Amino acid sequence: MSAHANNDWVARSLASVWHPCTQMQHHESIPMVSLSQGRGAWLMDHAGHRYIDGISSWWVNLFGHANPRINHAIKAQLDQLEHAMLAGFTHEPVVELSEQLSALTDGVLGHCFYASDGASAVEIALKMSFHAWANQGLPQKQEFIYLQGGYHGETVGALAVTDVPLFRQAYGAMLQPAHVVATPDARNAKEGETTADVARHAALDVRRVLEQRAEHIAAIIIEPLVQCAGGMIMHDPVYMQTLRALCDEFNVHLIADEIAVGCGRTGTFFASEQSGVWPDFLCLSKGISGGYLPLSLVMTRKEIYQAFYHSDITRAFLHSHSYTGNPLACRAALATLAIFKEDDVLAQNRVRGDKIEAALEDLKHHPRSKNFRRCGMIFAFDAQPNEQAGFARRYFAQGLQQQILLRPIGNTVYLMPPYIINDEEINCLATGAIKALEASC
Ligand SMILES: *Cc1c(COP(=O)(O)O)cnc(C)c1O
């Protein structure tokens with residue numbers, strides 16, 4: 001393929017496709033890449049360049065592009081049943097997936113409700129919590145608590161519990177008010193304080209709100225261990241443990257949004273496992289289909305399910321999406337879970353993660369980098385550029401020159417590579433990351 005072909009696709013895209021999370025005018029100066037193929041950790045463009053996918057294509061791709069095992073599973077399902085409605089019907093892939101996920105929580109979160117994207121899973125958890133309380137005779141429990149720096153998606157309900165000012169600004173007037181509480185950000189630890197101290201301290205802010213308003217509060221929503229879109233803000237597992245106790249004390253639901261941190265990203269399959277407690281609702285999406293197809297789900301407890309189980313239709317959870325429980329997406333998810341088991345991925349990632357951290361040693365101590373942090377297979381640092389404005393875009397463009405795809409959030413540069421990245425690719429990524437930093441600061 002030629003550079004000409006590449007330019008042609010880019011021009012046509014800019015004329016017809018409205019790209020997400022983008023000021024389209026910025027593409028007058030920053031490159032748009034037209035992809036032709038993906039293989040393993042690499043993405044290839046029409047001009048013949050290749051890039052290591054250092055952020056797993058927005059955190060979804062766990063086992064590489066064009067993974068033979070996932071490809072095979074989807075192809076086989078395609079000849080059986082591509083899709084059917086899930087109301088009144090069921091099928092093998094959705095049953096098996098629900099059973100396997102439930103087993104991963106030892107049956108505690110034994111009921112799975114499906115949707116197609118992460119924001120919808122968050123909407124479902126919020127609505128389910130709200131409606132479960134009403135069904136249990138507590139209709140005044142209608143409010144939600146969310147965290148500073150929290151991100152739960154960009155539909156109107158999910159955005160109402162999201163604290164990313166840039167995403168909220170324009171739509172503030174459309175959003176239902178909710179209570180925002182302190183972030184347990186481990187970087188806030190003062191001299192002599194542990195990250196657990198910071199977490200306990202932040203949880204006091206939750207206690208304060210609950211003491212005032214618990215009878216009106218349905219749930220608190222968190223991203224366990226890492227507030228990802230907020231800038232890879234990491235916190236101690238004690239935080240979720242403390243919240244679980246508070247939620248039990250004040251009769252409030254705990255929603256764990258594991259859309260980004262689930263599926264092994266933090267080192268355990270579910271991030272909640274590191275706190276040793278289960279939430280009342282757990283949202284999954286992104287990695288669950290291996291990065292292949294849109295799929296999301298909410299797992300919940302028997303007691304919540306029972307609150308809807310009744311002869312009266314109005315007490316049912318009345319929520320649906322056309323592609324609920326899509327068989328192809330469920331097959332991709334089953335193939336993903338099979339790889340976790342067959343390859344002992346969590347154990348392998350401990351070794352791989354240590355190698356990545358070692359390869360990032362120079363970055364960690366670089367004068368332009370601060371607050372290097374890691375949680376499982378998430379690595380991040382805060383860049384210290386001379387010129388703050390436009391740093392993320394400059395870094396992205398410089399990264400492409402180094403054959404790597406990294407897309408900082410503000411000044412936070414992070415790596416969230418797929419779980420199949422090999423030693424050579426790790427070194428390319430680490431070397432490229434430092435060169436891009438020096439070129440964009
Ligand atoms: C990405 C993300 C979402 C939203 O998922 P979409 O599929 O993009 O709608 C929600 N919560 C968290 C924590 C996420 O990282």
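Derivation of every value follows stated rules applied to the coordinates shown; laboratory data play no part. If you're wondering where the values come from, they're calculated on a predicted model, not measured in any experiment. When we count neighbours, we look across all protein chains shown, and the Cβ atoms used for this are built from the backbone with ideal geometry, even at glycine.
Quick rundown of the values:
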quantity: Net charge of Cβ neighbours under 15 Å - reference residue 401; Lys, Arg +1; Asp, Glu -1; calculated: +3
quantity: Among 287, 318, 95 the positive-end extreme of the charge dipole of the chain (Cβ point charges); calculated: 287
quantity: Separation of alpha-carbon centers, the stretch 32-65 and the stretch 97-133, rounded to whole Å; calculated: 31
quantity: Relative contact order (%) - the stretch 196-286, alpha-carbon pairs under 8 angstrom, separation at least six; calculated: 30
quantity: Integer Hz, Karplus 6.51/-1.76/1.60 couplings in order for the stretch 77-91, x for Gly and Pro; calculated: 5, 4, 7, 9, 7, 7, 6, 8, 5, 9, 8, x, 10, 9, 7
quantity: The chain, Cα convex hull volume normalised per residue, Å³; calculated: 155
quantity: Nitroxide proxy distance, nm - points 7 Å out along Cα→Cβ at residue 171 and residue 5; calculated: 3.8
quantity: Formal net charge of residues neighbouring residue 38 (Cβ-Cβ distance under 11 Å; K, R +1; D, E -1); calculated: 0
quantity: Radius 13 Å from Cβ of residue 415, net charge of other residues (Lys, Arg +1; Asp, Glu -1); calculated: +4
quantity: Among 304, 412, 238 - extreme Cα towards positive end, dipole of the chain, charges at beta-carbon; calculated: 412
quantity: Non-local Lys pairs in the chain, i.e. 8 or more apart or on different chains, that have alpha carbons under 23 Å apart; calculated: 15
quantity: From phi via Karplus (6.51, -1.76, 1.60), per-residue ³J(HN,Hα) for the stretch 202-214 in Hz, x at Gly/Pro; calculated: 5, 5, 4, 5, 5, 4, 4, 5, 5, 4, 7, 9, 3
quantity: Relative contact order for the stretch 304-441, counting Cα pairs under 8 Å that sit 6 or more residues apart, in percent; calculated: 21
quantity: Relative contact order (%) - criterion: Cα under 8 Å, at least six apart; region: the chain; calculated: 21
quantity: Neighbour-count order for 355, 141, 370, fewest beta carbons within 10 angstrom listed first; calculated: 370, 355, 141
quantity: Centroid-to-centroid separation of the stretch 344-412 and the stretch 249-299 [C-alpha atoms, Å]; calculated: 24
quantity: Under Karplus coefficients 6.51, -1.76 and 1.60, residue-wise ³J(HN,Hα) of the stretch 334-342 in Hz, glycine/proline x; calculated: 5, 5, 5, 4, 5, 5, 3, 6, 4
